[in-house]
Amino acid sequence: MTPGWWHERRVLVTGAAGFIGSALCRELAGRVAHLRGIDNLERGRLEHLSGVLPRLEFQRADLSDREVARRACDGMDVVLHFAAKVGGIGLYLEQPYQTAAANARIDTNVCDSVARTGGTIMIYASSAHVYPDERQTSPDSPPLAEPDAYPANPTLSYGWEKLFGERLLEALVHEGRRSGRAIHAAPLRLVGAFGPGQDDDLRTGSAIPVFIRRALDYPKNGPFIVRGTGRETRSYCYIDDIVAAVLRAAEALDQRDWLPPMNVGAEGRVSMDEVARLVVAAVGKPIPIEFDPSFPTVIWGQAVTCQLARELLGNWRPQVALEEGIRRCCAAALARQGGAA
């Protein structure tokens, strides 16, 4: 973060009470001319913002309402757009239409609102779910580079909508050039963000926070179960590194109006069995790990290359290793439980 660059900016964070949105608010509070956050609190929690609310203009409202989006974006120099209907893989499988339709409305309304003013810098939270199903069919599938998103064939409707959002944003920049109302924008394909305070609900949460909850609750609330075979692979990036990339991307847009979609995550891969073992080691309890192969494996292997982000974001690269990040998450979760595992 370049403090002088942000000092005079008016910044909107959508999805401000969510995992990534709240981390951005914590980083920006007190460092910008004005900070506004909006969240409908369907998934976000105000407790994520407890330390910054006095320095944040917070609005509880739903961006699927066009007028709400217009008011939220009004007068903002920078829009960090992280509002979306998101959840664990179960949500995307059970509610494919609701997920895609809700996100299409939100993204269209925010883009429309940004287009009204011009001169705005906008960061769009895309996802590694944009990549085709056939490129993720084995645990050692080759790392995904940005051009691999086409020909398009995402596994989930969520990924299809994120591709739509990327193209919508590119079209917005193109029309801004023609009309003279410059829009500066970048879609970031976020990959495996994790960190303290992430949703650990056993139905809707992502793997790492769910594993930590299962480990801390063991054996009181049953066995430590990993859905799938454990051979599935993913890559994970600690929240502080994600935030740093988002802020660097916004700063880079001061000099150009478009940054192409880029992967933002950690390179390399780790099996879900390895992730579970890292969690158990960090918790420090002798816990047997059980697997449930009856749970359908949708994506067998997902790893990315982040060369483009290094080139465009000033040699950005993750600084927090997976093991250290998991240790921090376990310590934070234990503290929330009052120190009793």
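The values are calculated or read from the model by the stated rules, or taken from the named source; none is laboratory data. These numbers were taken from a predicted model, which means no experiment stands behind them. FYI the Cβ positions are ideal-geometry reconstructions off the backbone, even for glycines, and counts take in every protein chain you see.
I want to confirm something. Restricting to the range 85-96 and keeping residues that are touching a residue at least 12 places away in the same chain (Cβ under 8 Å) and in a loop (DSSP other than H, G, I, E, B), which single residue is nearest to ALA115 (Cα to Cα)? So that I can check it myself, show each step before the final result.
In the first step, residues of the range 85-96 are kept if they are touching a residue at least 12 places away in the same chain (Cβ under 8 Å); the result is 85-93, 96.
From what's left, in a loop (DSSP other than H, G, I, E, B): 85-88.
Numbers: LYS85: 23, VAL86: 25, GLY87: 29, GLY88: 32 Å.
Going through the qualifying residues, I end up with LYS85.
Condition first: among the hydrophobic types (A, V, I, L, M, F, W, C), surrounded by fewer than 17 Cβ atoms within 10 Å (Cβ to Cβ) and modelled with pLDDT of 95 or more. Now tell me which residues in the range 165-206 satisfy that.
ALA171
Please determine whether any residue of the range 106-126 is in contact with a helix residue (DSSP H, G or I) (Cβ under 8 Å, 6 or more places away or on another chain), within 30 Å of PRO151 (Cβ to Cβ) and of a type in the set (Phe, Trp, Tyr).
Among the residues of the range 106-126, at least one is in contact with a helix residue (DSSP H, G or I) (Cβ under 8 Å, 6 or more places away or on another chain), within 30 Å of PRO151 (Cβ to Cβ) and of a type in the set (Phe, Trp, Tyr), which makes the answer yes.
Residue-wise test of (1) in a helix (DSSP H, G or I); (2) of a type in the set (A, V, I, L, M, F, W, C); (3) farther than 20 Å from LEU41 by Cα; (4) touching a strand residue (DSSP E or B) at 6+ places or on another chain (Cβ under 8 Å).
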position	(1), (2), (3), (4)
GLN98	yes, no, no, no
MET122	no, yes, yes, yes
SER141	no, no, yes, yes
GLY165	yes, no, yes, yes
GLU170	yes, no, yes, yes
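All but one of (1) surrounded by fewer than 17 Cβ atoms within 10 Å (Cβ to Cβ); (2) within 22 Å of ALA84 (Cβ to Cβ); (3) modelled with pLDDT of 95 or more hold for ALA125, so report the exception by its number.
Evaluating ALA125 over (1) surrounded by fewer than 17 Cβ atoms within 10 Å (Cβ to Cβ); (2) within 22 Å of ALA84 (Cβ to Cβ); (3) modelled with pLDDT of 95 or more leaves (1) as the failure.
Only residues that are within 17 Å of GLY265 (Cα to Cα) and surrounded by fewer than 17 Cβ atoms within 10 Å (Cβ to Cβ): list them for the range 130-147, please. Can you show your working first?
Of all residues in the range 130-147, those within 17 Å of GLY265 (Cα to Cα) come to 130-131, 136, 141-147.
Of everything in the range 130-147, those that are within 17 Å of GLY265 (Cα to Cα) and surrounded by fewer than 17 Cβ atoms within 10 Å (Cβ to Cβ) turn out to be PRO142, ALA145, PRO147.
Applying the selection to the range 57-84, what residues are within 21 Å of the chain's Cα centre (by Cα), free of Cβ contacts under 8 Å to residues at least 60 places away in the same chain and either surrounded by fewer than 22 Cβ atoms within 10 Å (Cβ to Cβ) or over 25 Å from HIS7 (Cα atoms) (or both)?
Let us first name the residues in the range 57-84 that are within 21 Å of the chain's Cα centre (by Cα), namely 58-64, 69, 72-73, 78-84.
Still in the list and also free of Cβ contacts under 8 Å to residues at least 60 places away in the same chain: 58-64, 69.
The answer is PHE58, GLN59, ARG60, ALA61, ASP62, LEU63, SER64.
Please indicate, with yes or no, whether at least one residue in the range 244-260 is surrounded by 16 or more Cβ atoms within 10 Å (Cβ to Cβ), touching a residue at least 60 places away in the same chain (Cβ under 8 Å) and under 23 Å from ASP133 (Cα atoms).
No, every residue in the range 244-260 fails to be surrounded by 16 or more Cβ atoms within 10 Å (Cβ to Cβ), touching a residue at least 60 places away in the same chain (Cβ under 8 Å) and under 23 Å from ASP133 (Cα atoms).
Kindly indicate whether any position in the range 210-230 is closer than 23 Å to ASN103 by Cβ, among the aliphatic types (A, V, I, L, M) and within 23 Å of the chain's Cα centre (by Cα).
First, pick out the residues of the range 210-230 that are closer than 23 Å to ASN103 by Cβ: 210.
Retained after the next criterion (residues that are among the aliphatic types (A, V, I, L, M)): 210.
If we keep only those that are within 23 Å of the chain's Cα centre (by Cα) as well, we get 210.
So far as the range 210-230 goes, yes, one or more of its residues are closer than 23 Å to ASN103 by Cβ, among the aliphatic types (A, V, I, L, M) and within 23 Å of the chain's Cα centre (by Cα).
Any residue in the range 23-42 that is buried (at least 17 other Cβ atoms within 10 Å of the Cβ), within 25 Å of LEU91 (Cα to Cα), among the β-branched types (Val, Ile, Thr) and touching a residue at least 12 places away in the same chain (Cβ under 8 Å)?
The answer is yes, given that some residue of the range 23-42 is buried (at least 17 other Cβ atoms within 10 Å of the Cβ), within 25 Å of LEU91 (Cα to Cα), among the β-branched types (Val, Ile, Thr) and touching a residue at least 12 places away in the same chain (Cβ under 8 Å).
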